[in-house]
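Structure, as structure tokens:
The values are calculated or read from the model by the stated rules, or taken from the named source; none is laboratory data. Since the structure is predicted, the reported quantities are computational estimates derived from the model, not experimental observations. Every residue, glycine as well, gets a Cβ built from its backbone with ideal geometry; the counts of neighbours run over all protein chains shown. Calculation scope for accessible area: heavy atoms of the full protein, side chains included, ligands and nucleic acids excluded. Shrake-Rupley method; radii C 1.70, N 1.55, O 1.52, S 1.80 Å.
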Amino acid sequence: MFKLKVLLILSLLFAYTTLADAPYVEDSLLEKINNKYKIYAKKRFILLQDTLDSVRDKTDIEKLEAINDFYNEVRYSSDMKVYGKSDYWATPWEFLGKDRGDCEDYVISKYFALKYLGVDYKKLFFTYVRSTKFKEPHMVLTYFETPKSEPLVLDNYNRKIFPASQRKDLTPIYNFNGDILDEIGDNEKSHKKWDELKLNMQRKKI
Amino acid sequence: MTLFKQMALLLSLFLLIILTTVLILNFQSANRGVQDRLYEDAKNTATSLSLPLGGANGDLSIMSTMINATFDSGNYRKILLVDIENNILYERVLESDIIVVPEWFRELVSLKAPVASANVSAGWSQVGILSVQSDSTYAYKQLYTILIDLLISFIVIALLSLTALNLLLHAILRPLKEVQKQAAAITKNEFIIQENIPYTKELADVVLGMNNMVSKVKAMFDKGNEELKAHKELEYTDENTQLKNRKYLIDRLPAYLKVDSPYEKGVNMIVAFGGIIEANEKIGHQQVDKLLIAVAEIFRKSTKDINDSIVARINGTEFSIFLPGYTGSDAIELARSIQKSCFNAIDSAGLDQHETFISIGIYEYNHKDSISELFSRSDNALAQAKFNREHIHLEKADTAVEVMGKEAWKLIIKNAIEKNRFNFVSWSVIDTKNRKLVHNVLSIHLVLDKNSSYGYAQFMAPAIQSGLSCDIYKKIVTMLFNDSHTLLSTSTYSLRLPQEYLEKEDTYLNISDLLRANAAMLPFKLIIELPDRLVRQDSKNIREYIELFRRYSIDIGIFEFIGESEDYQYLQDLRPSYIKAESSYFLTQSDQSISSLRLITDSVGISLIAVGVSDIDTLDMIKEKGVYIVQGEVTETLELA
């Protein structure tokens, strides 16, 4: 019985190490990105992997800042201009590959990068907000240290991370986390845009 | 199983499998659609309700009111709001089911309404998660309606398809049915030519092949018929006078000189010319021949009204006038009349009546006489006639002293009919080539008591005289059908039915009733033998009998055949199983006649059976004539294979 427990613990440890070591940007993906978006895009992804690796063992806040800073370097552009559609949720590969995107593309890329870094996805929400400054709908990534604590806002307009109370320019409308909803329902579908994004992520759409 | 049934079964099965598959797929698709719809409804509600719930700023009373309003106005199984720590904030669950579909349907179709969820937030904070599950009751109702509609459509389509399939198969296989009919007809030796050639090539080839074969067999039959007719003409007709000849008379006599002959007595008159040599010298051969033709005409005219009479030229100068049922005294009258007419003819030919004259010997025969007795006694009568003044002499058969008188016989027979004192006995008919039993011929014994019984030959003659023969046959035919279990063997039996019985008014109805009641239970195959004389008349009566027997799968045989018909087409039309003729008939036929007869019978599958074959020598001679199936005493000595 003792031997079995030891074996189980060793197996779990091995699995954890293996998973932890798995790169966010795999070599095969790098190759495809190189083929499609050329060398600069590839360099961006190598830099992404380096950034992720550099904060792997840091606190959630340090991870948030690193990821927020990294992705906020990407240029803003409307979906219509980049994809020819009024609203499109791009995968992190498309977003960084094209090096441009709109607010939800920042949110998605930040969300998956933080999830990769081991930040509990239940603390992260896609928050639909209204920008009072630009008088238009907007989306930010919010981080809840605890479910009841004040969230931190990761925005691409205002590049610094602030507690929600300091973002007077934003009026919150609705929080959304597809992974949490997927856990509850027994249906594969939960949210139209999220479902489409999940599919594209599985296909590793670049 | 017929080809039609096999194809119909296979295609119907195929069709039903396809339709059932379509039905199941349709229903499964509808089921999926309904389940998707359930989720979509739940999802829409969850999303649309989560936004105003967020606006309640965490006030549970407002949130529960909103949930109540939504729950009560729609079809939901459950609406659940949990906080971020998974504690239930508010829950509404459907309390009772509205039964809208049968229980079996709910058990058969497992419909699980999925749960849809949405995050609920107030400002920046998380309130919790809202889960909505639609009520599947109405989905069940919808699915049940779909299933019923599908089933109705399925039944209608299946019925229409099966009807169409049936019609189509009938149309396609109609030519095959015709082909089958023709093939079945060939099996039964009914040769029909198919006029409608099927459009299907394979069937057309079969029909053309069968038509060709049928034409050839028909041609064979017709050739045999023509040849036999020609031979009959030569073999049975006197070339000069066109009267029948001695051979014909001998072939016909067995039908009259037998125990169950319809005529107990009769007269054989031999008319002989005297002084023909002198006549030839005086007026020449040609004139004498003319005289003989004139005399033949006198004989014909004189006997034309006498039933079953036969006029035959026995040799150059002698004629036989055979008159069944005629008495000696009537015969003398007739002889005188003939003699008178003949003398006139002799006068007309320019001859002297004292030099050229006729003598008439009359023999009043008894049906128990043999052919040789008949001829020798007739010759005696003629010899007497030649020497008496009138040149006519009557001689009567010896009157055998009967052990019993007519009345005594009548009493015994009547008693036997009333008390069922008849027993069946049987004689075997053997195929000598294969040494096999072909069938058993049934005969009857009259059993008086334990120790004494009479054979058919003993009691039938007095029965005929007493007019009881038909009653005996009626009795034994009834016995045959009602007490058939008394016959031990379960092979084939034949029963001979005489003309007078068949022609009796109530016989047809009587046999018809017996067959209807008992034919199905007969433990053996039955062949009814009919007399050739009756069959070749091709009367309505005989056709009805044959149709009746065929209806009950009873075969027909022909007995007392002497090939006397003017046309043998009736054999093809009636197709008896066999023809029975006296062995003497086969022995006296020329090879050509036998060959023609065989051509006819072989082409329509009729066997030839020689009866009265009494010894091995006769059997060998019969075999040489190509007839191998025999009946008679000789069969007792033959060993079967």
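Enter the mean number of other protein chain beta carbons within 10 Å of the beta carbon of each residue in B:47-55, as an integer. Present the calculation step by step, with values, prior to reporting the outcome.
Details: counts 5, 0, 0, 3, 3, 0, 0, 4, 1.
Neighbouring Cβ atoms belonging to other protein chains average 2 per residue here.
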### Message
Please report the accessible area of A:Arg130 (heavy atoms, 1.4 Å probe, ligands and nucleic acids excluded) in Å², nearest 10.
### Response
100 Å²
### Query
Which value, to two decimals, describes the C-alpha radius of gyration of chain B once divided by 2.2 N^0.38 Å?
1.85
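When Lys and Arg each count +1 and Asp and Glu each count -1, what net charge do the other residues less than 11 Å away from B:Glu355, Cβ to Cβ, add up to? Mind showing how you got there, number by number?
Details: positive: B:Lys282; negative: B:Glu278, B:Glu281, B:Asp352.
Net charge in that neighbourhood comes out at -2.
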### Task
Take every residue in peptide A:155-162, count the Cβ atoms of other chains within 10 Å of its Cβ, and give the average of those counts.
0
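Over segment A:27-203, what portion of Cα pair distances is larger than 25 Å, expressed as a whole percent? List each step's numbers first, then the result.
On the way: 4895 of 15576 pairs.
Everything past 25 Å amounts to 31 percent.
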### Query
Can you tell me the Rg and the Dmax, both Å, for the Cα atoms in segment B:107-214?
33.5, 104
### Message
What percentages make up the Cα-Cα pair-distance distribution of the protein assembly as shown when the bins are 10 Å wide from 0?
### Response
2, 9, 12, 12, 9, 6, 4, 4, 4, 5, 7, 7, 6, 5, 4, 2, 1, 0
#### Entry: For A:125-137, mean number of other protein chain Cβ atoms within 10 Å
1
### Query
Can you pull the semi-axes for segment B:537-641, root of five times each eigenvalue of the Cα gyration tensor, sorted largest first, whole Å?
26, 17, 11
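If packing is taken as the average number of other Cβ atoms within 10 Å across a peptide's residues, how do B:609-620, B:351-362 rank, most packed first? All intermediate terms of the calculation are to be shown ahead of the outcome.
Numbers: B:609-620: 18.3, B:351-362: 20.3.
Top to bottom by mean Cβ count within 10 Å: B:351-362, B:609-620.
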## Note on the structure
The alpha-carbon center of segment B:29-80 and that of segment B:364-432 are separated, in whole Å, by 120 Å
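Per residue, how big is the convex hull around the C-alpha atoms of segment B:49-167? Give it to me in cubic angstrom, could you?
Working: hull volume 16.0 nm³, N = 119.
Normalising the Cα hull of segment B:49-167 by residue number yields 134 Å³.
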### Message
Beyond a 26 Å Cα-Cα separation, which of these cross-linked pairs lie in this structure: A:Lys85/B:Lys78; B:Lys244/B:Lys368; B:Lys258/B:Lys304; B:Lys436/B:Lys580?
### Response
A:Lys85/B:Lys78
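I want to verify the translational diffusion coefficient of segment B:406-636 in µm²/s; compute it with Stokes-Einstein, Rh as the Kirkwood radius over Cα pairs, at 20 °C and 1.002 mPa s.
On the way: Rh = 18.7 Å.
The estimated diffusion coefficient comes to 115 µm²/s.
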### Query
Once phi is turned into θ = phi - 60°, what whole-Hz ³J(HN,Hα) does the Karplus curve with 6.51, -1.76 and 1.60 give for every residue of segment B:419-428, x standing for Gly and Pro?
9, 6, 9, 9, 10, 7, 10, 9, 10, 8
## Note on the structure
Inter-part gap, Cα centre of segment B:592-641 to Cα centre of segment A:27-46, in whole angstrom, is 109 Å
### Query
How many percent of all Cα-Cα pairs in segment B:270-415 sit more than 26 Å apart?
31 percent
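I need the peptides B:166-172, B:578-584 ranked by packing, meaning the mean over residues of other C-beta atoms within 10 angstrom, with the highest value on top.
Values: B:166-172: 12.1, B:578-584: 22.3.
The peptides rank, most packed first, as B:578-584, B:166-172.
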### Query
Taking a 1.4 Å probe, which of B:Leu243, B:Leu509 shows the most accessible area, and what order do the others take after it?
B:Leu509, B:Leu243
### Summary
Expressed in angstrom and rounded, the centroid-to-centroid distance over alpha carbons for segment B:247-296 and segment A:59-77 is 146 Å
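Relative contact order of chain B, please, whole-number percent, based on alpha carbon pairs below 8 angstrom and at least 6 residues apart. Don't jump to the answer; show the numbers that get you there.
On the way: 951 pairs, mean separation 66.6, N = 641.
That works out to 10 percent.
Greater than 19 Å separation of Cα atoms is the criterion. Which listed pairs, B:Lys188/B:Lys525; B:Lys301/B:Lys340; A:Lys63/A:Lys192, meet it?
Details: B:Lys188/B:Lys525 17 Å; B:Lys301/B:Lys340 14 Å; A:Lys63/A:Lys192 29 Å.
Correct reply: A:Lys63/A:Lys192.
Arrange the peptides A:77-86, B:60-69 so that the one whose residues have, on average, the most other Cβ atoms within 10 Å appears first. Let's see the in-between values first.
Working: A:77-86: 13.1, B:60-69: 15.9.
Ranked by mean Cβ neighbours within 10 Å, highest first: B:60-69, A:77-86.
Where does chain A land at 222 nm, in deg cm²/dmol rounded to the nearest 500, when only DSSP H runs of n ≥ 4 count, each adding -39500 (n - 2.57), divided by all residues?
Working: 8 runs with 105 residues, N = 206.
Helix-only estimate at 222 nm: -16000 deg cm²/dmol.
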## Note on the structure
SASA check, B:Glu547, accessible area w/ 1.4 Å probe, all protein chains in place, rounded to nearest 10 Å², comes out at 120 Å²
